[in-house]
1. Determine whether region B:185-194 contains at least one residue that is closer than 18 Å to B:Thr87 by Cα and within 12 Å of another protein chain (Cβ to nearest Cβ).
2. Do you know which of the residues in region A:126-139 that are crowded, with 16+ Cβ neighbours inside 10 Å and free of Cβ contacts under 8 Å to residues at least 60 places away in the same chain is nearest to the other protein chains (Cβ to nearest Cβ)?
3. Suppose we filter B:Val196, B:Val187, B:Val227 for residues that are at pLDDT 95 or above, within 25 Å of B:Leu40 (Cβ to Cβ) and not hydroxyl-bearing (Ser, Thr, Tyr); which single one remains?
4. For region A:212-221, what are the residues that are touching a Ser or Thr at 6+ places or on another chain (Cβ under 9 Å) and surrounded by 19 or more Cβ atoms within 10 Å (Cβ to Cβ)?
5. If B:Gln210 satisfies all but one of (1) more than 14 Å from chain A (Cβ to nearest Cβ); (2) of a type in the set (S, T, N, Q); (3) closer than 20 Å to B:Val402 by Cβ, what's the number of the condition it fails?
6. Taking the stated definitions as given, is A:Glu290 buried (at least 19 other Cβ atoms within 10 Å of the Cβ), in contact (Cβ under 8 Å) with a residue 40 or more places away in the chain, at negative phi and not assigned by TED's automatic domain parsing to the domain that holds A:Ile178?
7. Just checking, which of B:Tyr369, B:Tyr342 is at the interface with chain A (Cβ under 10 Å from one of its Cβ atoms) and modelled with pLDDT under 95?
8. Return the residue satisfying two criteria in turn: it lies in region B:324-339 and is more than 10 Å from chain A (Cβ to nearest Cβ) and under 22 Å from A:Cys42 (Cα atoms), and of such residues it is surrounded by the most Cβ atoms within 10 Å (Cβ to Cβ).
Amino acid sequence: MPAYEAVIGLEVHAQLLTSSKLFCSCPVRFGDEPNENICEVCAGMPGALPRLNKKAVELAAKAGLALQCTVNPMSLFSRKNYFYPDLPAGFQTSQLTPPICEHGHLDVTVQDATRRIGITRIHLEDDAGKCVHGQGATLIDLNRAGTGLIEIVSEPDIRSAEEAAAYMRAIHAILVCIGATDGNMEEGSLRCDANVSIRPKGSTTLGTRTEIKNLNSFRNIQRAVEFEIRRQEGCLEDGESIVQETRLFDAVKQVTVSMRSKEDAHDYRYFPNPDLPPVLVLAEELQAWEAELPELPEARKLRFIQRLGLNEEEAAALTAERATADFFEQALALCSNAKRVAQLMAAEFLRECAQQNIAPAQAAFGAAHVAELATLIDEGIISARIAHDIFPELFASGAMPRAFVTEKGLVQVSDSSELEGVVAEVLAENPAEVEGYRGGKTKLLSFFVGQVMRKTKGKANPALVNSLLEESLGKH
Amino acid sequence: MPLHTRTLLEAKAMLAQGETTPTALTAACLARIAATEPVLNACITVLEETAMQRAAQLEAQGNPNNLPLWGIPVTVKDLLCTKDAPTTCASAMLAGFMAPYDAFVVERLREAGAVIVAKTNLDEFAMGSGTESSAHGPTCNPWDAQRVPGGSSGGSAAGLAAGQAFGSLGSDTGGSIRQPAALCGCVGFKPTYGYVSRYGAVAYASSFDQIGPMARTVADCATLFGVIAGYDGRDATSAQLPAPDVAPALATKSLQGKTFGVVKELWEGGLSDEVAAACQSAVEAAKAQGAKVVEISLPHLQYAVATYYVLASAEASTNLARFDGVRYGLRAQGEHDLVGMYTASRSQGFGEEVKRRILLGTHVLSSGYYDAYFQKAAKVRRLLLQDFQAALGQCDALIAPVSPVTAWKKGEHVNDPLTLYKMDMLTLGLNLAGLPGVSLPAGLGAASGLPVGVQLMGRAFDDIALLGMANALEMALPRLGVPTGIPA
């Protein structure tokens, strides 16, 4: 079996975080009664005309800037024509040539290897409504129709399922960071289509590709692409050729299945939409938008590593979402021990958030709490161990840590005269271990520390315990 | 002199002086509609009740704010959306369709105090030049009921000539205001593309469609234009200009210092003798008013018909895609799958001419044909605009016939669409260029005794100057008198 190489390109659709739709003033909102948020424009009534939401242009341009694209000073809307009941005008308004952004790239790291993925283009388009299939009838809800989207099309530069998922994660982080989308994949705010082909390693020609539609989680992207690569390898091994087609991922069975073949492909008859003048982006506007861009996740991660001395893992955890990184920096303003704050956040706070399914910004335990807890450890008032033990309760109650530990009597014992007695007790109770230690088994130190901790109910200052133990054991 | 034969400005003056009332004017127009409709079929919906209510309401309020159209009965082409009356586009597809909103120009009419008395007949979705392709049946020409009124705004033109209203709003995509105005002997004005909002005008070809006024005089048209023109944020192609002051147009009485260009290509070949003669006398009238006349050429005009039918049909094919039977309009019964429902609904809902243009438009946008047809036509369109701009750099206005022939017999060209398309050559160049044009009566044809129209074409957004020149020319042209094909 020859070694194959996968060639993958992603088309990512992101719903823009605007308060109104792309071509009318209807609100973008989910969960309302069907067809509540519609007007003559987004319902495709006769005579209605579109007018462009300027905020959507700004968000698309910012996405382009964040993904190192050229933002075109002039781009055009085109009509993409096809019939479907959830498409009220009989065409989607999208961009063909030129799109608003082109020629960008994104660096993606998988297992310490960083590769640059080219971004062909980003274009603006409107979303369709949805069909609700019921018993004997299909109903149509146009609440989503006309919502603004950007489609980000990558070059076929991705080489593995893992890389595809990593690319999607990076896109997600960037778009959420700049406020272009809420990134809610469960609600479909961010989804992608994957174009997958394989070829013998070393070959420079492209194999026949299939397109997997509507992947709506990082996990599904990875699983679907993995499956599709294996399926295509299987086809070639069996001497079959790969059929150019559109496929769907069945998340339950973890397989992709054929949806329609190339022969059924539409001729979309794109042409410039005569109702919409060219989209102009002025140099001054673009400059202003660029100035408004926040620090992007990758740059922030590097800064956390280089300037604050965090390790890769901590920095990655803290910058995966902008809100988390903001939270971290708020805490940092109140407690300057970055490493301590980072460890607390990574080990305790984010874990708890994930377990309780609470967004960091929504937690009752805020940045000031984290900072105070870190300070308590720094000051030797409590140990990291105590911090860990009490964290779930602090997180749930939102109590201020200093008051909490005082009230509960958890303040660490740092009085050496008090601890000296406990150390002497422990040594007296464990003569065999003392002999062992003195005979060279210095690893037994942690045993003694544990014993002291048990007797003090964890409140002993560990550093002090260590030094007292070493001192006592060293006598003779 | 019966009320219904007055001009809009005369009626306005009579209202101001208390010589008549909004209800009297409205009742007169409704009576005139009742008397002439059996012959004309110019109206799809007559608004007897709402019009009389509105007139009474306006009458009760008086006119303290000097509304420019206070108490004036008007009609609108039945492709302009109205909340209070069906908007059918003369198509079975939209029979009885109630739009949920008023078109921008309808809002403007209402705000100006106008009384809408009827929605007028047209070629289905404005595709045609004889008002014969209407699901409501053809409209007849008030000068000879055996003949067409022109189109597509044929109902508006026929109704104005017959005294059904004092003004009307039509739409001009390839000549649909100017040509029926010419064939019925009234005045029709197609403004510069973008001067009047298209919001709420059911689209035929978006980059060509232009709403404009029709009336019995140039001054009446200008008055209506002053009401409907100006920026509308709901139409992204609307020009950011305020509503114009039309007083300078009404005050222009002479063509002294003006240069008129006689467009060679529009006078060559195909004109009937009587049309050529009447239009030639209009050129002489312009000279008599002081205009200097020069010959001018628009070399790319020979491609205008082909260019127009490629581009306009392409736009139409997608503009009409929304009529799919899903949300409103006709839905074919008895179909059990989606494609079957689409196919049957559109087959039953659209007439032959609409289907022809949808097919043509779909073809020229199809993969493999786009470059050869759509793209090429878009290039020719730019060249033609340059021709017009060069000509209007040398001339203040261009002058030409509107239709090569006077009104033809109903049914005469029904099976010959190409002949009809070719006759549009005199009008549709202007739509390709997006420029303003006004058609006014040049006289009655010597042979047929039917109205002949002449058009003036002007510079972009210089509409008021163009209307002024038309006003001055009108003064030197013969009055047509009363149409002979309808009850007096």
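1. Here is the first cut: in region B:185-194, the ones closer than 18 Å to B:Thr87 by Cα are none.
No, because not a single residue in region B:185-194 is closer than 18 Å to B:Thr87 by Cα and within 12 Å of another protein chain (Cβ to nearest Cβ).
2. So in region A:126-139, the residues crowded, with 16+ Cβ neighbours inside 10 Å come out as A:126-130.
Pick out the ones that are also free of Cβ contacts under 8 Å to residues at least 60 places away in the same chain and you get A:128-130.
Values: A:Ala128: 12, A:Gly129: 10, A:Lys130: 13 Å.
Here the residue is A:Gly129.
3. Values: B:Val196 fails: within 25 Å of B:Leu40 (Cβ to Cβ); B:Val227 fails: within 25 Å of B:Leu40 (Cβ to Cβ).
Matching residue, one of B:Val196, B:Val187, B:Val227: B:Val187.
4. First, pick out the residues of region A:212-221 that are touching a Ser or Thr at 6+ places or on another chain (Cβ under 9 Å): A:212-213.
Within region A:212-221, A:Ile212 is the sole residue that qualifies.
5. Failing condition for B:Gln210: (1).
6. In short, no.
7. Details: B:Tyr342 fails: modelled with pLDDT under 95.
Answer to the check: B:Tyr369.
8. So in region B:324-339, the residues more than 10 Å from chain A (Cβ to nearest Cβ) come out as B:330-337.
Applying the additional criterion that residues be under 22 Å from A:Cys42 (Cα atoms) yields B:330-331.
Working: B:Leu330: 20, B:Arg331: 17.
Ranking the qualifying residues of region B:324-339, first place goes to B:Leu330.
The values are calculated or read from the model by the stated rules, or taken from the named source; none is laboratory data. Please read all numbers here as calculations on a predicted model, not as lab measurements. In this analysis, Cβ positions are derived from the backbone assuming ideal geometry, glycine residues included, and neighbour counts consider all displayed protein chains.
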